[in-house]
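**Student:** Before anything else, here's the structure in question.
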């Protein structure tokens, strides 16, 4: 039995890039609140324990370029710097 995916590929890319811009060991809980998942899910995504097949994309579409700004706004609102 496979588990249902809770995050889209674009969300996984955004989580990884957002976490990479901040110090390690900080932010799993804040990112979890933004995406509505457990902190352990965020940790597994960042450490490539899950969503292994999702790779970074060097070229972004216009929609993908707008999404990070929105996620950053949400992180700032909850005190994630």
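Here, each number is a calculation from the coordinates, and none is a lab measurement. Being a predicted model, the structure only gives us computed values, none of them experimental. Here the Cβ positions follow ideal geometry from the backbone for every residue, glycine too, while neighbour counts run over all protein chains shown.
**Student:** Most exposed first by the Cβ proxy, i.e. fewest other Cβ within 10 Å, how do 43, 5 rank? All intermediate terms of the calculation are to be shown ahead of the outcome.
**Tutor:** Numbers: 43 17, 5 11.
The most exposed by this proxy come first: 5, 43.
**Student:** Once you order the gyration tensor axes a ≥ b ≥ c over the Cα atoms, which shape class does the stretch 5-45 get: rounded for a/c under 1.5, otherwise prolate or oblate by comparing a/b with b/c? Don't skip to the answer; put the middle values down first.
**Tutor:** Numbers: a/c = 1.91, a/b = 1.26, b/c = 1.51.
The shape class here is oblate.
**Student:** Another question, then. In which sequence would 48, 35 go, from the one with the fewest C-beta neighbours within 10 Å to the one with the most? Display every interim value, and only then the final one.
**Tutor:** On the way: 48 11, 35 19.
Ordered by Cβ neighbours within 10 Å, fewest first: 48, 35.
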